[in-house]
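Visitor: I am attaching a structure below and will ask some questions about it afterwards.
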Amino acid sequence: MAVPAGFNATKTHVVQELKHGNPLISCRFDPSGRYVFYGAQDYQVWRWDMKQNKKVALQGTDAWVRGIAFSPDGSQVITAGFDGRLVWWSTAADTPKPLRSIEAHRGWVRAIAVSPDGTLLASVGNDKLVKLWKMADGSPVRTMPGHQHHVYNVAFHPDGSRLISGDLKCHLFEWETASGKPGRRYQAKSLYKYDGGFKADIGGIRAIDFSDDGKQLAVSGITNVTNAFACVGNPSVVIFDWKSGKETAKHVAKAKPKAVAWGLALHPAGVTIGAAGGPGGGFLYFWKKGEANEFHQIKMKDSARDLHLSPDRLHLATAHYDGVVRISRMTEKVKKG
């Protein structure tokens with residue numbers, strides 16, 4: 001995708017807020033860019049119509065929802081909850097109610113992704129499994145075992161031929177979409193640590209994104225952990241060359257705040273964007289290709305727990321612990337009058 005006119009990361013500013021109340025854990029723009037769907041700690045998913053500044057609850061959720069994805073045409077939204085269910089909804093219904101619900105995983109469903117052609121849905125969870133489903137009717141296609149730890153995230157390559165899954169210990173598994181055959185396996189080692197003092201694993205692939213051309217794979221999480229119990233570490237994004245599978249860059253924050261990079265996006269301008277949150281506060285980070293430290297950062301009002309890039313590539317949605325969805329625009333401020 002071409003770089004949108006007016007894009008300027010250093011001019012990023014918040015242009016709209018929705019004050020929900022309960023802490024938020026996820027957010028996604030729909031393909032039209034009109035709605036933001038978000039999951040909250042009130043066990044519900046909500047749709048925010050930014051044009052009308054109106055929010056509506058999706059009737060039928062009863063769990064924390066981290067996974068939100070859409071059919072390519074935007075007509076349906078799928079949610080994945082910590083109750084193990086996948087639920088299909090009509091994106092624009094006046095009162096959204098479940099179109100279909102399936103018991104997908106034993107335990108938490110951590111993340112979902114829709115294939116580029118819109119025919120398949122991938123899901124991963126705490127049962128250590130990667131699963132594929134038919135988008136049309138929710139019927140199972142195949143189950144792909146192999147991970148030895150909770151699987152945190154999943155994404156399809158832009159050409160649709162393969163998908164990638166990442167787990168607690170930051171192992172990345174590649175799979176052939178058509179056959180389910182396992183491919184390469186590698187690890188973002190800097191985003192995982194075993195704390196011997198607390199006898200605890202800390203880390204995990206908290207977000208995955210591909211560049212639009214499919215040449216780069218990015219994953220995010222926490223690095224330099226000094227206390228697993230208190231989650232004391234620094235936000236970081238690791239970049240891999242997709243063709244070779246080799247790590248090409250490790251982005252970190254210069255000030256090293258106590259936070260996790262919960263969300264990320266690879267912008268077509270060649271900029272890596274990360275959203276972080278934790279005891280050190282909330283931040284947006286912007287890194288140039290191949291550079292360790294950010295060239296720009298924004299201190300947010302509270303801890304950011306998810307991030308999504310808009311279809312027009314000029315806006316960011318962030319979900320925050322203070323119960324606010326914030327929309328930031330990556331251009332010069334528009335003068336009023």
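Visitor: Kindly indicate the residue of the range 221-249 that is more than 12 Å from Ser190 (Cα to Cα) and modelled with pLDDT of 95 or more and also nearest to the chain's Cα centre (by Cα) among those meeting that condition. Show your work before the answer.
Guide: Keep residues of the range 221-249 that are more than 12 Å from Ser190 (Cα to Cα), which gives 226-232, 240-246, 248.
Filter once more, so that each one left must be modelled with pLDDT of 95 or more: 240-246, 248.
On the way: Phe240: 17, Asp241: 20, Trp242: 19, Lys243: 23, Ser244: 24, Gly245: 21, Lys246: 22, Thr248: 21 Å.
Here the answer is Phe240.
Visitor: While we're looking at this one, here's another question. Can you tell me which residue among Pro311, Pro268, Pro257 is outside any strand (DSSP E or B) and not assigned by the TED database to the domain that holds Lys215? First the steps, then the outcome.
Guide: Working: Pro268 fails: not assigned by the TED database to the domain that holds Lys215; Pro257 fails: not assigned by the TED database to the domain that holds Lys215.
When all the criteria are applied, what remains is Pro311.
Visitor: Let me ask something else about it. Look at Gly245 and say whether it is surrounded by fewer than 23 Cβ atoms within 10 Å (Cβ to Cβ) and at positive phi. Spell out how you get there, then give the answer.
Guide: Numbers: surrounded by fewer than 23 Cβ atoms within 10 Å (Cβ to Cβ): yes; at positive phi: yes.
Yes.
Visitor: I'd like to check something: does the range 182-202 contain any residue that is of a type in the set (A, V, I, L, M) and either without any contact (Cβ under 8 Å) to a residue 24 or more places away in the chain or over 24 Å from Arg305 (Cβ atoms) (or both)?
Guide: If we filter the range 182-202 for residues that are of a type in the set (A, V, I, L, M), which is where we start, we get 188, 191, 200, 202.
Going one step further and asking which of them are either without any contact (Cβ under 8 Å) to a residue 24 or more places away in the chain or over 24 Å from Arg305 (Cβ atoms) (or both), we end up with none.
No: zero hits.
Visitor: Another one. Quick one: would you say Arg100 is over 17 Å from the mean Cα position of the chain (by Cα) and over 24 Å from Phe210 (Cβ atoms)? Walk me through how you get there before you give the answer.
Guide: On the way: over 17 Å from the mean Cα position of the chain (by Cα): yes; over 24 Å from Phe210 (Cβ atoms): yes.
Yes; evaluated as a whole, the condition is true for this residue.
Visitor: OK, next. Of all residues being out of contact with any strand residue (DSSP E or B) (no Cβ under 6 Å at 6 or more places or on another chain) and not aromatic (Phe, Trp, Tyr) in the range 31-48, which is surrounded by the fewest Cβ atoms within 10 Å (Cβ to Cβ)? Just the residue, please.
Guide: From the range 31-48, those out of contact with any strand residue (DSSP E or B) (no Cβ under 6 Å at 6 or more places or on another chain) are 32-34, 41-43; that's our starting set.
Of the ones still in play, those that are also not aromatic (Phe, Trp, Tyr) are 32-34, 41-42.
Working: Ser32: 12, Gly33: 16, Arg34: 17, Gln41: 15, Asp42: 16.
Ranking the candidates gives Ser32 first.
Visitor: Going through the range 233-254 one residue at a time, which ones are of a type in the set (Gly, Ala, Ser), in contact (Cβ under 8 Å) with a residue 24 or more places away in the chain and either farther than 19 Å from Tyr152 by Cβ or outside any strand (DSSP E or B) (or both)? Outline the logic, then answer.
Guide: Here is the first cut: in the range 233-254, the residues of a type in the set (Gly, Ala, Ser) are 233, 236, 244-245, 249, 253.
Among the residues that remain, those that are also in contact (Cβ under 8 Å) with a residue 24 or more places away in the chain are: 233, 236, 245, 249, 253.
Gly245, Ala249, Ala253 - these are the residues of the range 233-254 that are of a type in the set (Gly, Ala, Ser), in contact (Cβ under 8 Å) with a residue 24 or more places away in the chain and either farther than 19 Å from Tyr152 by Cβ or outside any strand (DSSP E or B) (or both).
Visitor: Determine the pairs where a residue that is farther than 17 Å from Pro98 by Cα, located within the range 40-60, has a partner that is among the β-branched types (Val, Ile, Thr) with Cβ atoms under 6 Å apart, the partner being 6 or more residues away or on another chain.
Guide: Between residues of the range 40-60 that are farther than 17 Å from Pro98 by Cα and residues that are among the β-branched types (Val, Ile, Thr), the close pairs are Trp48/Val36.
Visitor: Which of the residues spanning the range 33-62 are under 17 Å from Arg110 (Cα atoms) and modelled with pLDDT of 95 or more? Please lay out each step first, then the result.
Guide: Narrowing the range 33-62 to residues under 17 Å from Arg110 (Cα atoms): 37-41, 43-45, 61-62.
Selection gives Phe37, Tyr38, Gly39, Ala40, Gln41, Tyr43, Gln44, Val45.
Visitor: May I pose another question? Here are Ala122, Ala80, Ala92, Ala111: which of them is in a loop (DSSP other than H, G, I, E, B) and among the hydrophobic types (A, V, I, L, M, F, W, C)?
Guide: Details: Ala122 fails: in a loop (DSSP other than H, G, I, E, B); Ala80 fails: in a loop (DSSP other than H, G, I, E, B); Ala111 fails: in a loop (DSSP other than H, G, I, E, B).
After applying the criteria, what remains is Ala92.
Visitor: Okay, moving on. Could you check how many residues of the range 126-150 are touching a residue at least 40 places away in the same chain (Cβ under 8 Å), within 21 Å of the chain's Cα centre (by Cα) and under 24 Å from Ser90 (Cα atoms)?
Guide: From the range 126-150, those touching a residue at least 40 places away in the same chain (Cβ under 8 Å) are 130, 132-133, 135, 138, 149-150; that's our starting set.
Add one more test, that the residue is within 21 Å of the chain's Cα centre (by Cα), and what stays is 130, 132-133, 135, 149-150.
From the residues that got through so far, the ones that are under 24 Å from Ser90 (Cα atoms) too are 132-133, 135.
The total comes to 3.
Visitor: With the condition kept exactly as written, say whether any residue in the range 106-118 is closer than 16 Å to Thr143 by Cα and over 17 Å from the mean Cα position of the chain (by Cα).
Guide: yes
The values are calculated or read from the model by the stated rules, or taken from the named source; none is laboratory data. From a predicted model like this one, the values you see are computed outputs, not experimental measurements. Quick reminder, even Gly has a Cβ in these numbers, built from the backbone with ideal geometry, and neighbours come from all protein chains shown.
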